[in-house]
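Remarks on the structure that follows.
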Amino acid sequence: MENNELFPYKIDHLHQRDGIEYIACKNAAVVHISNLEQFANREMKYPAKLNGFIVVACVRGDVTISVHMNDYHMSKNTILIAPTAVVSFKECHDCELYVAAFKSEFAAEMNIDMKIIMPLMSSLHSQVILHKIDDDEFSAAINRSFKALHDEYFHVRTENIDVTLYREMAVRHMYAAMIYRLCEAVALYNSVETSVAPKDRSGDYFKQLVGLLHEYYKTERSVEFYAGKMNLTPKHLSRVVRNYSGKSVHQWIDEFVVLEIKNLLKYSDLSIQQISYELNFPNPSFMGQYFKRITGKTPGEYRREI
């Protein structure tokens, strides 16, 4: 059932340690971290790309989570919802989290209506939703949902293929139920905690750029390409993005690429040469110069230090 690519952290290693549980089914996974501090200060302090639709629920303590280079503070009874995201955990205190990730294929297979899950998506910067729910019953409900999922997943093992298939479907439906449980909490307690500016045309352009970067950053790194996709002039796009985000289009492109290089250096077994080809650099030397210009380190130095 494991689907480790949803969580690039070394789950097999983490799963053997106290304070973390990992449950996976086809195209979906959930991690329960009862003591985040011991992981946030070590393995999980580095940026990593969580390859799916992300829901984070904080049920105790507090933590600052960086999502696509923006920091979000989560405290008890807070939910964060985001599409595929580059995430790192920092400044946590006595924090207990549930991190659920699922791919669009899972939503389609389980007939999950994404419009229900993301009612505020169109109005929020960088496509991240952060909700504070002032109700301790929320924590209890999430814990009950996870316990049911946990008990089903770790049910007595069997070699019977038919029975295993039924159990897989049971886990998948319980996982879908947990997603709806989180959505119910958002719908019932509609208190939004966010530092995001109100929606305007600049925000629309910025969100469109971020969406295009997700799709093309591995192959396209020119302002002209993204401006063309958005039917804007490069000068206009550059001005709008800098005024809205404080960073240039070039900086956003570089941050996407560098974070992916870091992600692959830390969480994959790919060689530096393979990573350079994966990200469409002409050769490893060119990627090394690019990476060092931005980070001050070569890819080899970065990999040795982590």
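Quick note: the coordinates plus some simple rules give every number you see, no bench work behind them. Nothing here was measured: the structure is a model prediction, and the numbers come from that model. We place every Cβ from the backbone using ideal geometry, glycine too, and count neighbours over all the protein chains shown.
Would you mind checking 49/292; 26/76; 266/292 for any pair whose Cα atoms are more than 28 angstrom apart? Among 49/292; 26/76; 266/292, the Cα-Cα distance tops 28 Å for 26/76.
Within the set of other residues whose C-beta is less than 15 Å from the C-beta of residue 231, count the net charge using Lys and Arg as +1 and Asp and Glu as -1.
On the way: positive: 201, 229, 235; negative: 204, 224.
Counting the neighbours of residue 231, the net charge comes to +1.
Across segment 203-306, the relative contact order, built from alpha-carbon pairs under 8 Å that are at least six residues apart, equals 22 percent.
As a ratio to 2.2 N^0.38 Å, the alpha-carbon radius of gyration for segment 201-305 is 1.14.
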